[in-house]
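Attaching a single structure in structure tokens format; questions to follow.
Only the coordinates and a few stated rules stand behind these numbers; no lab work does. Since this is a predicted model, take the numbers as computed values, not measurements. Counting neighbours? That spans all protein chains shown, and the Cβs are built from the backbone with ideal geometry, glycine included.
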Amino acid sequence: MAGLRELAPGAYHWQSGSNAGILVQEGQALIIDAGLDRSAAADIAQAVEKLGARPIALLITHAHADHSGGASFLARRAGDIPVLASPFEASIVRHPIWEPLYLYSGAAPIEELQHKFTLAKPCPVAQEMEPGMLEIGPFRLEIIPLYGHAVEQVGVVWGDVCYTADAFFPPDLVAKHGIPFCVDLDAALEALARLESAGYCWFAPGHGPAVQSPQEAITANRERLLRIRDLCLEAIREPAGPADVLRYAASALGLTISQPVSYLLAQTTVLAVLTSCQRAGWAAVEVSDNRLLWRRV
């Protein structure tokens, strides 16, 4: 159920299918993420209007369609405000075709990847953000790297409130989806460690409610990612292809993957895990009999 919650004076968390942040100071508003589509963006815009604030910028934490799909509409409705994103994510906000392309190994995407959940509407990006302090109007923010779920996903810190994007998911979503999406396992674990040691009063995620302690969610996410890593290593005791590794891991987790998009999302995570194992010296990749195979080292 959508709703607006004030976490600290002027710091709001808009909770819906994909959450957003709204910061208000001196009658001005800074919006964090734009929702999936025009409808979600309109809801966020209405929330800002009810707060009686004038939007001055839109920050995109990462370019997955459920967080950036409404950006173009929201920016226009708010008076053509500038859109900001980290450099890599900005390239996808500008050219959303990159999301289905990378999910489909760079080939022309199948029809199942050409819908709003994986193919957002394009949106111009006025400024590219780097980690560090950022001043926009009356706002002084800290942009923190929370890479892993997306290549250059960032968090936004204002005062004692941290908008954590998709660095972690609520435990119930981890259990429901089974294989959390990530493109870089090592970076995702580093992001969890960063948030675990942070002393913010509120952690406002991209999905689920804001929490004052993220420990339960961080533990659930870390344990699931490490469990997937263990399963992938088990799967390659004998040389196995990526599809075989995914099948082994999904079956061990009790998952039944029935949709192409779900399969491709899970496949990305498995490949990220295998890359992490290669970096650690635990796995090697080879081609044999015209097959790409992974094996334990």
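Go through the stretch 258-268 and count every residue that is β-branched (Val, Ile, Thr) and either surrounded by 21 or more Cβ atoms within 10 Å (Cβ to Cβ) or over 19 Å from Leu189 (Cβ atoms) (or both).
Number of matching residues: 1.
Could you please let me know if Glu26 is in contact (Cβ under 8 Å) with a residue 24 or more places away in the chain and of a type in the set (Asp, Glu)?
So Glu26 passes the test.
Restrict the check to the stretch 273-288 and report whether at least one residue is among the β-branched types (Val, Ile, Thr) and either touching a residue at least 24 places away in the same chain (Cβ under 8 Å) or in contact with a helix residue (DSSP H, G or I) (Cβ under 6 Å, 6 or more places away or on another chain) (or both).
yes
Considering the stretch 225-268 alone, what residues qualify as being among the small types (Gly, Ala, Ser), closer than 22 Å to Val287 by Cα and touching a helix residue (DSSP H, G or I) at 6+ places or on another chain (Cβ under 9 Å)?
Ala235, Ala240, Ala243, Ala249
So the check is Cβ under 8 Å with 6+ separation or different chains; which pairs have a first residue in the stretch 157-175 that's without any contact (Cβ under 8 Å) to a residue 60 or more places away in the chain and a second one that's of a type in the set (Asp, Glu) and outside any loop (DSSP other than H, G, I, E, B)?
Once the first residue is without any contact (Cβ under 8 Å) to a residue 60 or more places away in the chain and sits in the stretch 157-175, its partners that are of a type in the set (Asp, Glu) and outside any loop (DSSP other than H, G, I, E, B) give Val157/Glu142; Pro171/Glu216.
Hey, another quick one. I need the full set of residues from the stretch 209-225 which are touching a Phe, Trp or Tyr at 6+ places or on another chain (Cβ under 7 Å) and touching a residue at least 24 places away in the same chain (Cβ under 8 Å), in order please.
Ala210, Pro214, Ala217, Ile218, Asn221
Could you tell me which of the residues Leu253, Leu225, Leu271, Leu246 is hydrophobic (A, V, I, L, M, F, W, C), under 15 Å from Val174 (Cβ atoms) and either crowded, with 19+ Cβ neighbours inside 10 Å or within 18 Å of the chain's Cα centre (by Cα) (or both)?
Leu225
Something else about it: Testing Ile110 on (1) surrounded by 15 or more Cβ atoms within 10 Å (Cβ to Cβ); (2) of a type in the set (A, V, I, L, M, F, W, C); (3) touching a helix residue (DSSP H, G or I) at 6+ places or on another chain (Cβ under 7 Å), one condition comes back false. Which one is that?
(1)
Of the residues Glu142, Glu223, Glu190, which single one is out of contact with any Gly (no Cβ under 9 Å at 6 or more places or on another chain) and among the acidic types (Asp, Glu)?
Glu223
Are any residues in the stretch 1-35 within 14 Å of Cys162 (Cα to Cα) and of a type in the set (S, T, N, Q), and if so, which ones?
Asn19
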